[in-house]
Structures are given as C-alpha cells and as structure tokens.
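Trainee: The structure that follows is given in the form of structure tokens.
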Amino acid sequence: MWLAYIVLGIALVGTLSSNVFLVLAMLGAAKFHREARRQRLAAEAVTEWPGVSLLKPVHGREVRLKENIESFFHQDYPEYEILFAADTEENEALGIVREVCARYPNIRTQVIVTGRPPWLNPPAYSFYKMAALAAHDILVTSDSDVEVQPNYLREVVPPMLDPKVGMLTCIYRGKNVGGFWSAVHAVGMSVEMTAGVVTANLLEGMKFGLGPTIVVRRDALEVLVEGPSRTDPERLRGRTRHNKVVNFRGLAGAGEMAQVRIEAATSQTLSGEEQLLARAGAAL
C-alpha cells in the first residue's frame, strides 16, 4: 500500500515539474521570438557589412562533411574568409576541405595544421591558432558538423556591430542524416536542447555559448588588465577596447594586455580564460 503511495507521489512530482518546465519553455520561446524580431529589424538598417573570418576546426571524415563545409561557401555576404584547422596532415577531413576550397577560388581560404594540441580542449586550441591568422575583426566559430543557409552571416553579424555586445551565439536545429537513432538524436537536439536554452535565456539571460555558432570581435579578446576581480580575488579584471568589463582566469599583471578566450557573457560583463600560450610566445 505504502509503495503505491510513494509511486503516485513520484508521478505527481514529475508531472508538476514537467508542467512548470513546459510553461517556462513557452515563455522563453516567446521572449526568443521577440528578440529575434528586433534583431531582424536592426539587420535591415545595416548599410555597411564588415569583413568576417569564419573559423572551422575539422577532425575526421564525418557524415555529410562535404555538404556542411560547402554550405559556408554559399553565403550571401559581401566579404568573408574561411579558415580550417586540423591537428595533423594525416587528418582525413583535409582532403575534403581542400577539394571544396578548390571549387570556390573566389573565396579566400586558409588551411592550418596546428600539430598536437597542448590544451585539454583541442577545438579551443584550433580556434586560438586560427584567430591569430584571421584577416578580419569579427570571428565566427562553427563546428564541422554544422550546415547553414545562405543568410547565416547576415543573421549573426548585425548584433556584433553594437560595441556593448561581446559575444553572440544561436540555437540550432538537429538534422536526421540517416537511420532511426539519428532521427531520435536530431529530435533531442531540436526540442530538449532548445527548450533548455530558451528557458535559461528567460531566467538569467545568455551566459554561455553554443558550439555550433559563437561570434566574437577580436577586440573582445584583447583585454587591458586592471587588477584582481572585485567579485572573485582568484580571477583578474580588465576591459576591452570598447570598455567592456572582463573577468578571467590568468597570470597577467595590472597594466598588461592579455589575450582572453571568451567563454560566457552577460549584458554587463564577459568572462573567460587568458591564452597563456600567447603570452609565452610573445616572451620568447
């Protein structure tokens, strides 16, 4: 008898919490669409589009790799380049990358072999190496399994023209690339992941980036160190060239310029980690 009441209680709690999350997700979706409309109106007012550097790490012969890469060559955007990075020359993705690049000689591309990454996060190391060679100040990072529409850059670039914006990310839709389990995974990405993101945005704003798309300005990576953070003495505090406050982990001293990898953002501050290899390389 008691077991039945326990099971019923668990079911009621699960039902209640699920309904609460459903309401939050619906409110979050409504907020997301309002913000999207404002961003599209702002994009329509843009008359001069800045150059953009697309940074794409690649690893192995992924499903639909050629189609995913090729979609970035079809952008309806006046000036952009695409940089690819792999850890070794033997990486199977490089053959596909070079084949696609050769078909679009009108678009500037670079293929970089970074060597074995000394960081725990290999994609972050690839982004760091590509950013050092990028020609433009707006950097768009994107995973290799992402396919985009021709209006992609015109959608993600306009918010970065506001100097108060330090980082941009966007939600994404899963795609079935073959088979039942691929379809299940795509549904999870499209529904569960998206519901969590719009709910987080509703409750506290976007304080994180999603791997399929993270956009930053180069000046957001260059930080003048002011000293210890006011909220966490184990972190440093500094400002970008546009006077954006950055709290980050690092070893730089007050008055020095530090290269910072941005990991999260709010409307007031950015946070991240100093690129220690950049400092070490400059000191050699």
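Trainee: For E79, what accessible surface area do you get with a 1.4 Å probe? Give it in Å², rounded to 10.
Mentor: About 100 Å², rounded to the nearest 10.
Trainee: Run the dipole for the stretch 123-251 about the Cα centre, Lys and Arg Cβ at +1, Asp and Glu Cβ at -1, nothing else charged, and hand back the magnitude in debye, nearest 20.
Mentor: Numbers: 15 positive and 13 negative charges, 72 e Å.
Here the size comes out at about 340 debye.
Trainee: With Kirkwood radius over Cα pairs in Å defined as stated, name the option among (1) 19.5; (2) 20.3; (3) 21.0 computed from the structure displayed.
Mentor: Recomputing Kirkwood radius over Cα pairs in Å here gives the entry labelled (3).
Trainee: Quick one: which residues, 5+ away or cross-chain, put their amide H under 5 Å from the amide H of G174? H built at 1.01 Å from N.
Mentor: Distant-sequence amide H within range of G174: S190.
Trainee: Continuing with the same structure: Can you grab the distance from the C-alpha centre of the stretch 109-169 to the C-alpha centre of the stretch 28-48, Å, no decimals?
Mentor: The stretch 109-169 and the stretch 28-48 have Cα centres spaced 22 Å from each other.
Trainee: Could you give the nm distance between label points at K66 and T88, where each point is 7 Å from its Cα heading toward the beta carbon?
Mentor: Here the modelled spin labels are 2.5 nm apart.
Trainee: If you place +1 on the Cβ of every Lys and Arg and -1 on the Cβ of every Asp and Glu, how big does the dipole about the Cα centre of the stretch 76-190 come out, in debye to the nearest 20?
Mentor: Working: 9 positive and 14 negative charges, 29 e Å.
The dipole of the stretch 76-190 has a size of about 140 debye.
Trainee: Given points 7 Å out from each Cα along the Cα-Cβ axis, report the T47 to A30 separation in nanometres with one decimal.
Mentor: 3.8 nm
Trainee: Farthest toward the dipole's positive end in the stretch 103-233, which of P150, M206, I138, given Cβ charges of +1 (Lys, Arg) and -1 (Asp, Glu) about the Cα centre?
Mentor: Farthest towards the positive pole: P150.
Trainee: Grab the other residues whose beta carbon is less than 14 angstrom from that of S229, score K and R as +1, D and E as -1, and report the net.
Mentor: On the way: positive: R230, R235, R237, R239, R249; negative: E226, D232, E234, E273, E274.
So the surrounding residues net to 0.
Trainee: Right, something else. Provide the per-residue ³J(HN,Hα) series for the stretch 129-137, in order, calculated from phi with Karplus coefficients 6.51, -1.76, 1.60 and θ = phi - 60°, each as a whole number of Hz, with x at glycine and proline positions.
Mentor: Whole-Hz 3J(HN,Hα) from phi for the stretch 129-137: 5, 5, 4, 5, 9, 5, 8, 10, 8.
Trainee: Please list E89, E44 from largest to smallest accessible area, probe radius 1.4 Å, with all protein chains kept in place. If you can, show how the numbers build up before the last one.
Mentor: Working: E89 95, E44 145 Å².
In descending accessible area the options line up as E44, E89.
Trainee: Run through the stretch 74-138 and list the trypsin sites (Lys or Arg not before Pro) located in a DSSP loop whose Cβ has at most 16 other Cβ atoms within 10 Å. Kindly include the intermediate steps, with their values, before the conclusion.
Mentor: On the way: sites: R98, R103, R108, K129; in loops: R103.
Listed in order of number, the matching sites are R103.
Trainee: Related question: Can you give the relative contact order of the stretch 33-179 as a percent, counting alpha carbon pairs under 8 Å and 6+ residues apart? Intermediate results must be reported in sequence, preceding the final value.
Mentor: Values: 209 pairs, mean separation 51.1, N = 147.
Over the stretch 33-179, the number comes to 35 percent.
Trainee: If the cut-off is a Cα-Cα distance under 26 Å, which lysines reach K175, setting aside same-chain residues fewer than 8 apart in sequence?
Mentor: Result set, ordered by chain and number: K31, K56, K66, K207.
Trainee: Using DSSP to define loop residues, name the trypsin sites (Lys or Arg not before Pro) in the stretch 1-72 whose beta-carbon has at most 16 other beta-carbon atoms within 10 Å.
Mentor: Numbers: sites: K31, R34, R37, R38, R40, R61, R64, K66; in loops: R61, R64.
Filter output for the stretch 1-72: R61, R64.
Trainee: Please name which of A252, V100, M26 has its Cα lying farthest along the dipole of the chain towards the positive end, using unit charges on Cβ (Lys, Arg +1; Asp, Glu -1) and the Cα centre as origin.
Mentor: Selected residue: M26.
Trainee: Multiplying the sequence separation of L16 and M257 by 0.36 nm and subtracting their Cα-Cα distance, what value in nm do you get?
Mentor: Details: separation 241, 0.36 × 241 = 86.76 nm, distance 5.09 nm.
Roughly 81.7 nm would be gained on extension.
Trainee: Quick one: putting +1 on the C-beta of Lys and Arg, -1 on the C-beta of Asp and Glu, what dipole do you get for the chain around its Cα centre, in Debye to the nearest 20? Can you show the working numbers first?
Mentor: Values: 30 positive and 31 negative charges, 110 e Å.
Around 540 debye, computed over the chain.
Trainee: Taking H placed 1.01 Å from N in the peptide plane, check which residues at least 5 places from V246 or on another chain put their amide H under 5 Å from its amide H.
Mentor: Those qualifying (amide H under 5 Å, at least 5 residues apart or on another chain) are G238, R239, T240, L270.
Trainee: Using modelled backbone amide H atoms (1.01 Å from N, in-plane), which distant-in-sequence or interchain residues come within less than 5 Å of V111's amide H?
Mentor: Excluding prolines and chain starts, which carry no amide H, the hits are F84.
Trainee: Another question, if that's okay. When only Cα pairs under 8 Å and 6 or more residues apart are kept, what is the percent relative contact order across the stretch 190-271? Provide the component values of the computation, followed by the final result.
Mentor: Working: 123 pairs, mean separation 23.3, N = 82.
The value is 28 percent.
Trainee: In the stretch 1-92, if the dipole is taken from +1 on Lys/Arg beta carbons and -1 on Asp/Glu beta carbons about the Cα centre, which of L54, L83, A42 is farthest to the positive end?
Mentor: Sorting the options by dipole projection puts first A42.
Trainee: How far apart, in nanometres, would the label points at D232 and N151 be if each is projected 7 angstrom from Cα along the Cα-to-Cβ direction?
Mentor: 3.8 nm
Trainee: In addition: With θ set to phi - 60° and the Karplus curve 6.51 cos²θ - 1.76 cosθ + 1.60, what are the ³J(HN,Hα) couplings of the stretch 47-55 in order, to the nearest whole Hz, using x for Gly and Pro?
Mentor: 10, 10, 9, x, x, 10, 10, 8, 10
Trainee: Given only helices, namely DSSP H runs of n ≥ 4 each adding -39500 (n - 2.57), what is the per-residue ellipticity at 222 nm of the chain, to the nearest 500 deg cm²/dmol?
Mentor: On the way: 8 runs with 104 residues, N = 284.
Calculated at 222 nm, the ellipticity per residue is -11500 deg cm²/dmol.
Trainee: Still on this model: For the chain, what does the relative contact order come out to in percent, with C-alpha contacts under 8 Å and a separation of six or more?
Mentor: Numbers: 479 pairs, mean separation 46.8, N = 284.
Value for the chain: 16 percent.
The values are calculated or read from the model by the stated rules, or taken from the named source; none is laboratory data. Note that the structure is predicted; figures quoted are calculated from it, not measured. Please note: Cβ atoms are built from the backbone with ideal geometry, for glycine as well, and neighbour counts cover all protein chains shown. Only protein heavy atoms, including side chains, enter the accessible area calculation; ligands, DNA and RNA are left aside. Shrake-Rupley method; radii C 1.70, N 1.55, O 1.52, S 1.80 Å.
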